[in-house]
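To start, the structure itself, in structure tokens.
The values are calculated or read from the model by the stated rules, or taken from the named source; none is laboratory data. As the structure is a prediction and not an experimental result, all values here were calculated from the model. Here Cβ is always computed from backbone atoms with ideal geometry, including for glycine, and neighbour counts include all displayed protein chains.
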Amino acid sequence: MTDIEKTLLCDIKNGNIKSFELVFKSYYPRLCKYAKSMIHDYDASADIVKDVFIRWWQNRLSTLVNTSISGYLYTSVHNGCINYSGRILKNKKTFNESELAIPLSELISPVSTDYPMANLALQELQAAIEKTVNSLPDHCREIFILSRVHHKSHAEIAEMLGISTNTVKVQIYRALLKLKLDLKDYFPIILLIFGNHISLN
């Protein structure tokens, strides 16, 4: 932590609103951008960032900033986004194939080098998905990979493997059910990273 940050933190703890406003103006736009990259909703992102600053000011006497102001703020916003997505998930009633229409290959792409915490979450999700996919029966796994990794249509897979399109649909559905069960604890991460692709209705 730099000497300037230590001075700012000391001022904020002592109730210096000018120092607090300086930090707010410096970080607010970047934190909103970071939050929006996770939950894909600008208004909600702005509210999360504002709440972080409000709680910090209200609890300034007891708040511990151990590493840096930047680290504290980004971690707080990150956790706020996870809580926000968790609340959305609680209101989710149904699940179907279209909700995992994202190609599996997209899961190996990092969100951005600017957001290391989001990338750690993505890596954790990727490992969990790979474990589940590898545990599928051979035939089911082959069909699922052709669909999600190689982007083949149901008709193309049916022709390649000499089976009916209905068999393809059934096997993909079974794979998605398995993913749903195995990845239920990771759905907040899925919502954070792919929220704009997943229907919440």
Conditions first: (1) under 19 Å from the mean Cα position of the chain (by Cα); (2) at pLDDT below 85. S76 passes all but one, so which condition is the exception?
(2)
For region 142-153: of the residues being modelled with pLDDT under 90 and assigned to a helix (DSSP H, G or I), which is farthest from L181 (Cα to Cα)?
L146
So which residues in region 37-50 are within 13 Å of H78 (Cβ to Cβ) and without any contact (Cβ under 8 Å) to a residue 60 or more places away in the chain?
S45, I48, V49
Return the residue satisfying two criteria in turn: it lies in region 1-15 and is hydrophobic (A, V, I, L, M, F, W, C) and more than 29 Å from the chain's Cα centre (by Cα), and of such residues it is surrounded by the fewest Cβ atoms within 10 Å (Cβ to Cβ).
I4
If you take the residues of region 46-71 that are in a loop (DSSP other than H, G, I, E, B) and either hydroxyl-bearing (S, T, Y) or not assigned by TED's automatic domain parsing to the domain that holds V23 (or both), which of them is surrounded by the fewest Cβ atoms within 10 Å (Cβ to Cβ)?
S62
Restricting attention to region 16-45, and to residues there that are more than 15 Å from E5 (Cα to Cα) and among the aromatic types (F, W, Y), which single residue is surrounded by the fewest Cβ atoms within 10 Å (Cβ to Cβ)?
Y42
Out of region 141-181, which residues are among the acidic types (D, E) and more than 29 Å from the chain's Cα centre (by Cα)?
E156, E159
